[in-house]
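The structure under discussion appears below in the form of structure tokens.
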Amino acid sequence: MAYSELIKNFANVRDYINEFYNFGFKSRREFGSKSSRSYDNERRRIESWLGEYMNFFMDGDGKKIFLSVDSRQIAHNPLYKAFKAKTFTDRDIMLHFYILDILADGEELSSGEIMDRITSEYLSVFDNARELDESTIRKKLNEYVSLGLLWTKKDGRKKLYTLSVDEVNLSSCKEAAAFFSEADPMGVIGSYILDKLDMVPDVFRFKHHYIMTAVESEVLYELLEVINAGAKCEIEMFSSRQNRLKKYSVMPMKIYVSTHNGRRYLMAWRFKFKEIAFYRLDKIKSVKCQETVDTAGKYRTYAAEQEKFLWGVSVSDPHHTGILEMTLRIEEGSEYIVDRLMREKRGGKVERLDSRNWKFTAEVYDPTEMVPWIRTFIGRIVSVKCSDKNIEETIKADLKAMYKIYGIGGEEDDIQ
Amino acid sequence: MIFSEVYGSYFNAAAKILERAVDGQLTESDIVRIVNDSAFGESVLSLPSKIKGTEWGLVTADLKTPLKHKPYKPLTLLEKRWLKTLTSDPKFKLFGVEVKGLDDVEPLYDRGSFVYFDRYCDGDPYESEDYIKNFRVVLEALRNGKKLRIEFFGHKGRKHNKVVSPLRLEYSPQDDKFRLLTVSSGRSWIINMARVQICSVMDESADTNELPLRNTAEVILELKDERNALERAMLHFSYLEKKTEPLDNGRYKVTLRYDRDDETELLIRIIAFGPMVKVLQPESFVRLVKERLTMQKMLNF
């Protein structure tokens, strides 16, 4: 098939954008299972959509393509462009403009009447234009009813179509749309709205903006619809450990979002093991909505109890929590560290022990998740005590390794 | 359905071309310009000929169109549902708009469906009347390109009263805060919106010609891919301009470009990776890490 910059489904290109944007150090040959032609086509498409952010470097393995964006400098997420590259047929685009034009004056018309107008007033302008049959037009009309672009009503045995009433004054909310098109988890829809405006306000910028999550929008939308329905679903995920696709039967409940790395997780009831589980959205390939769950309330109550003891998204053992205590030395003039503790403590407690020492305590399912955060206090840690002694040992061993690689108190060594 | 051609760049470009055609003002160069502005890098190779072809039936060879009206771009149900969802966000009130026509529309999701589990808990007071008032004044100044007289507290608690040219409002989902980026006498001022006491729009136009240069720097890291550090770091630092090059034995050289004002924040983000990440350059950044480690070693933990 001839190359096109448009795509039929989003799933294939997701992996490539992820590789180019998040990693960006693989050569063509390192794209493993993908064929060279598929690599060339996807790279060319992404370059067509996002060319200004694409870079490359050469090394012994060949050319390495990477996407690099300083997300603080952009008003609009460039990855949304990929969602605007859906393929379509000649008839799709023709009927889109014809139907909306025919109904623009507010008339209520049947599919037959619309077909007659198309034939006499539109196709007649062109030589050798192909005739359209009524069933094609009816199919498109019904598709537009489900999209909310048209309304339908019965007139005896006739089904009439009219433009849906749109009372929303877009220009009054264009600044809000511009802001939320980046700040909202489903911001791609805001981007569609901005495309309808003649002038898009350039007022906002975003810091700590993880734009890559945009490519999960389709999966997120499907999950939100399942959550709204109180239903169960089958999710298909890629397991890195087993290097294969796996299916899980779950009842989705919430989406957990990290503002520190952009990762998003589905919190769901997993039927097989009768437990709460978290699944990374970037690993979910597809979502199949199934029947509603009668006992949804019971699972939600159970989840609410567990959420009280989450630091992040890990429940290593739902029957046991661990307690972690960290004492920090905060000298006079460094009170901003106390402010940090207070705003970052999540479910933990902070107490002052004496004029210089402060204690942070948290009871969580998986204290391992706290280790990177604890390290951010390096330079002030007096002690760390944890019910899981391995965690204490890991923190101490890591500190020793860091002393070594930076030559603190001895010879500098390479990273081991 | 979120991935649909009706939201596509080709449809948008076609709509803009047809607007000109309905007015009887379409030219060949309009088509090329609109396609370049509204579609993708290679669209100009195919879209102009397609739109004038019989297959699409939209524009004739002499650049006329059978369409009688400028293309109508109504909101889809999905777009209305998204707008309805926003109206329940406290930040939506900052904009002072009421969206009519959504009464019978179901929101796309309930706000409780999202948990931002590591967001700092001292975010801006979006419900505060003073905050809302100040936000709207700032927005008005930005919208109309006017200077602002603004009274605010700096991060050390000192009160400032200045005339500034507002450039942008910057939002951080991690901090859940807005900062106003401004320039005054050629110097950049970043003002936390929550610390603004009072502000007013001036008649004078904002001086946006004297944009201060960004003060950025590069840090080079060596990363050891253990405990999934590579993937974690790649995601963690993906908001910055970054380049990653494989070395040997599961090691990678990572180059990050960052704003110097955020050096401390980047420093603690890097040391959070422990011994899996070593700062190689610049020496000044290496010194910052060493200072922290030296302080730590003295605590005999």
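Dividing the summed helix terms, -39500 (n - 2.57) for each DSSP H run of n ≥ 4, by the number of residues in chain A produces a 222 nm estimate of -9500 deg cm²/dmol to the nearest 500.
Here the spin labels are modelled as points 7 Å beyond Cα on the Cα-Cβ line, and at residue B:249 and residue A:397 they lie 1.8 nm apart. Other protein chain C-beta atoms within 10 Å of residue C-beta, averaged over A:129-138: 1. The mean number of Cβ atoms from other chains found within 10 Å of a Cβ in peptide A:338-346 is 3, as a whole number.
Can you pull a Stokes-Einstein diffusion coefficient for the range A:90-163 at 10 °C (1.306 mPa s), Rh from Kirkwood over Cα pairs, as a whole number of µm²/s?
Numbers: Rh = 12.4 Å.
In µm²/s, the coefficient is 128.
With the biggest extent put first, the Cα atoms of the range A:12-59 measure 27, 24, 16 Å across the principal axes. Loop-located chymotrypsin sites (Phe, Trp or Tyr not before Pro) in the range A:230-277 (DSSP state not H, G, I, E or B) with no more than 12 neighbouring Cβ atoms inside 10 Å: A:273. With R₀ fixed at 22 Å, the C-beta to C-beta distance from residue B:190 to residue A:338 puts the FRET efficiency at about 0.40.
Close amide H pairs (under 5 Å, H built 1.01 Å from N) link residue B:197 with B:151, B:152, B:153, residues at least 5 positions away or on another chain. Would you look at the GNM of chain A, springs on alpha carbons closer than 10 Å, and say which of A:15, A:388, A:282 moves the most? Looking only at A:15, A:388, A:282, the largest GNM fluctuation is found for A:388. Among A:218, A:42, A:331, the residue with the largest mean-square fluctuation in a Gaussian network model of chain A, with springs joining Cα atoms closer than 10 Å, is A:331. Here the Karplus curve 6.51 cos²θ - 1.76 cosθ + 1.60, taken at θ = phi - 60°, turns the phi angles of the range B:262-270 into couplings of 9, 4, 5, 4, 5, 4, 6, 5, 6 Hz, with x standing for Gly and Pro.
Highest mobility in the GNM of chain A, judged by mean-square fluctuation with C-alpha springs under 10 Å and restricted to A:302, A:221, A:403, is found for A:403.
Annotation: extensible slack from residue A:152 through residue A:128 equals 5.4 nm (criterion: 0.36 nm per residue apart, minus Cα-Cα distance). Pairwise inverse Cα distances across the range A:369-410, averaged and inverted, put the Kirkwood hydrodynamic radius at 11.0 Å. With everything on Cα atoms, drop me the angle between helix B:283-298 and the longest principal axis of chain B, reported from 0 to 90° to the nearest 10. That works out to roughly 50 degrees.
For the range B:207-301, the spherically averaged projection of the C-alpha convex hull amounts to 7.9 nm².
Calculated FRET efficiency, residue B:231 to residue A:301, Cβ-Cβ distance, R0 = 25 Å: about 0.15 to the nearest 0.05. The simple Förster model, with R0 at 22 Å and r as the Cβ-Cβ distance, assigns residue A:291 and residue A:11 a FRET efficiency of 0.35. Compared with the dominant principal axis of the Cα atoms in chain A, helix A:90-102 is inclined by about 70°. Of the GluC sites (Glu not before Pro) in the range B:209-301, the ones in a loop by DSSP (not H, G, I, E or B) with at most 11 other beta carbons within 10 Å are B:210.
Percent of Cα pairs in the range A:272-330 per distance bin of 5 Å, from zero to the largest separation: 3, 11, 19, 20, 17, 14, 6, 4, 3, 2, 1.
Which value in deg cm²/dmol, rounded to the nearest 500, describes the helix-derived mean residue ellipticity at 222 nm for chain B, given -39,500 (n - 2.57) per DSSP H run of n ≥ 4 and division by the residue count?
About -9000 deg cm²/dmol.
Straightening the chain between residue A:363 and residue A:308 buys 18.9 nm, computed as 0.36 nm per residue apart minus the Cα-Cα spacing. Rounded to whole numbers, the Karplus 3J(HN,Hα) couplings from phi for the range A:299-309 are 5, 5, 4, 4, 5, 4, 5, 5, 4, 5, 10 Hz, using 6.51 cos²θ - 1.76 cosθ + 1.60 with θ = phi - 60°, and x at Gly and Pro. The base-10 log of I(q)/I(0) for the protein assembly as shown, evaluated at q = 0.06, 0.10 Å⁻¹, reads -0.41, -1.13 [Debye formula, identical scatterers on Cα atoms, solvent excluded]. Spin-label pair residue A:145-residue B:198: with each label point 7 Å from Cα along the Cα-Cβ axis, the two points sit 6.0 nm from one another. State the Kirkwood hydrodynamic radius of the range B:129-205 in Å, one decimal place, computed from all pairs of distinct Cα atoms. Final number for the Kirkwood radius of the range B:129-205 is 12.3 Å. Working from Cα positions, state the angle (0 to 90°, nearest 10) between the long axis of helix B:28-38 and the longest principal axis of chain B. The answer is roughly 30 degrees. In whole percents, the pair-distance distribution calculated for the range A:63-126 from its alpha-carbon pairs, binned every 5 Å from zero, is 3, 12, 17, 14, 9, 8, 9, 9, 6, 8, 4, 1. Based on Cα atoms of chain B, Rg over Rh with Rh as the Kirkwood radius reads 1.06. Shape analysis of the range A:257-299 based on the Cα gyration tensor places the equivalent ellipsoid semi-axes at 23, 13, 10 Å, largest first.
Computed over neighbours whose Cβ is under 12 Å from that of residue B:282, the net charge equals -1, Lys and Arg +1, Asp and Glu -1.
Evaluating kT/(6 pi eta Rh) at 20 °C and 1.002 mPa s, with the Kirkwood radius of the range A:316-416 over Cα pairs in the Stokes-Einstein relation, gives 146 µm² s⁻¹.
Temperature 20 °C, viscosity 1.002 mPa s: under these conditions the Stokes-Einstein estimate for chain A, based on its Kirkwood radius over C-alpha pairs, is 82 µm² per second. Straight Cα distances below 17 angstrom link residue A:8 to the lysines A:81, A:84, A:86, A:285, with same-chain residues fewer than 8 positions distant left out. Plainly put, the range A:213-307 has a radius of gyration that is 0.95 times its Kirkwood radius, both from alpha-carbon atoms, as the Rg/Rh ratio. Label zone of residue A:278 (point 7 Å out along Cα→Cβ, amide N under 12 Å): in the range B:108-125 this covers B:115-119.
The numbers here are math on the coordinates, done by the rules we state, and not lab data. Every value quoted in this text rests on a predicted model; they were computed, and no experiment measured them. Glycine also receives a Cβ, built like all others from the backbone with ideal geometry; neighbour counts cover every protein chain displayed.
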